[in-house]
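The values are calculated or read from the model by the stated rules, or taken from the named source; none is laboratory data. Keep in mind it's a predicted model, so treat the numbers as computed, not measured. In this analysis, Cβ positions are derived from the backbone assuming ideal geometry, glycine residues included, and neighbour counts consider all displayed protein chains.
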């Protein structure tokens, strides 16, 4: 549709976009008021993150921060439904429909990267947020984030001497591709033409291109085909781990889906060594070595995203067992509002991260989602002017915005030694994969004390226990009280499958098991009732009634009262009692709150949390 169809009198402001979203049913009236009241603060934060200084600006004053970016940063759900986040893409689709223009998802692989630099200058593209994505002799197709900017039409006609046809895209995609097409991509393409071939053996993991299921030919080796089918199936089922286990008479293949292991296949005993060898070859492991444990990595593509796999082998009674851990960026790399915190908890966590220095602990058992939360927190602070360094064992998933260091115990390069060297690398934010000993704890506290933001993990059951664990390691309570800013304890609960969802009332006994006071729940003499959701079981959830996972959190903020208890070396129960008195939502209470919202099941709450 020609750009002239846009109303030339309207301008794209935060209020205008909120009105469009409200009319489209994506924002409620209450959400609209919330956005307008918090918009300036969110806008100022985004402006600072882009190196624009500290001066607070209003939304829509032409400083490059788009209203859709501001709303997306608030982490709202569509019409208050947290299952459907209000993303830039959703908002720009609604805006495009409102103004009568098509919406386009920008795929850099389908766009001629040389076209835009040939027709428009970089300053023009940046200033107007406009990217040419197609052209013929008479017209150009231009992706814009502000379709109400009527001045852009005349400017484009003057610059390209063709009829501009506008389409709408997200501001983030447009600015990212402007940077890519005008700068880095051009330089890389030129360098690639001059580069000689060869294999980069210095890469952390080997890149493996999997065939599509319909491309796996009968002529391929049967073992190769079996491995490819197996990996495809695991990715289709959203598995986080694949276990290939030798037994006395056969081999079992099990997959962990949403935190629970499922039996998937049974392999003939004779096939097991060949499949393990094929996977070891892909992971750059020694095929001949079958007695010593080995570790390797595989990287492959899944649609339009890359997936990393960590491979581990160990000798067991009947052969070599292999576990493949799958790191899918779509599930592991989330923004902080997406990990499952309630709004008040999220505000406290963001307040932790806004501090220039201090220690933030994330605690929970293995498989509780700590890595996802840590990466989400780091992505919040990882701006171009911030040096983020992580120390991990091993590196879970490679993120370009971080400088990631892997500890190597074989050469005496543990967490403490790595942290000592990282402090010489001019870091702003440091993530320590795990505090295991007194030396690591001491160095982390000293780093936080000397002007660094330090994020670290511990294996404790709740937030208060993390504080006492550090004291047990022998750290100075005065130093801990002055550096610790907060503790996040978490678990993962499976969510109710939306395809077979049903509702029921909890019984009196079930309410008692949850630790709820049934007398307080009674109203006007009626029996206490709580409507909850459950899944009846279907093909998509493998008859479990549960599909996907979300986090439940306990967010403890270290205030003056907690600091006094730390200095006094108080017990975890005393710290937890004070925190609850100040409004702390415990893990059990957070899980019950999600149960009441119909997000998880009664059995999941009991399975994952312990009532104190």
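Those residues that are assigned to a strand (DSSP E or B) and over 17 Å from residue 387 (Cα atoms), I need them from the range 421-468; list them, please.
Applying the first criterion (assigned to a strand (DSSP E or B)) to the range 421-468 yields 429-432, 453-458.
Within the range 421-468, 457, 458 meet the criteria.
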Query raised in the report: Quick one: in the range 267-277, which of the residues that are out of contact with any strand residue (DSSP E or B) (no Cβ under 6 Å at 6 or more places or on another chain) and surrounded by fewer than 19 Cβ atoms within 10 Å (Cβ to Cβ) is modelled with the highest pLDDT?
Result: 277
Report task. Would you please name the residue that is modelled with the lowest pLDDT, looking only at residues in the range 340-375 that are closer than 24 Å to residue 446 by Cα, in a helix (DSSP H, G or I) and touching a helix residue (DSSP H, G or I) at 6+ places or on another chain (Cβ under 9 Å)? Result -> 371
Query - Residue check, residue 475 more than 22 Å from residue 349 (Cβ to Cβ), without any contact (Cβ under 8 Å) to a residue 60 or more places away in the chain, over 23 Å from the mean Cα position of the chain (by Cα) and not in a helix (DSSP H, G or I) - result: yes
Requested in this report: Please tell me if residue 173 is within 16 Å of residue 119 (Cβ to Cβ) and at pLDDT 80 or above.
Outcome: no
**Report entry** Residue match in the range 144-151 (condition: in contact with a strand residue (DSSP E or B) (Cβ under 8 Å, 6 or more places away or on another chain) and over 21 Å from residue 68 (Cβ atoms))
**Finding:** no
Query raised in the report: Quick check, is residue 70 in a helix (DSSP H, G or I) and either at pLDDT 85 or above or surrounded by 15 or more Cβ atoms within 10 Å (Cβ to Cβ) (or both)?
Result: yes
Query raised in the report: Taking helices (runs of 4 or more DSSP H) that do not extend beyond the range 531-612, which have at least 3 residues that are in contact with a helix residue (DSSP H, G or I) (Cβ under 7 Å, 6 or more places away or on another chain), more than 27 Å from residue 240 (Cα to Cα) and assigned by TED's automatic domain parsing to the domain that holds residue 480?
Result: 560-567, 572-581
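Restricting to the range 26-67, name every residue that is at pLDDT 70 or above and within 18 Å of residue 385 (Cβ to Cβ).
44, 45, 46, 47, 48, 49, 64, 65
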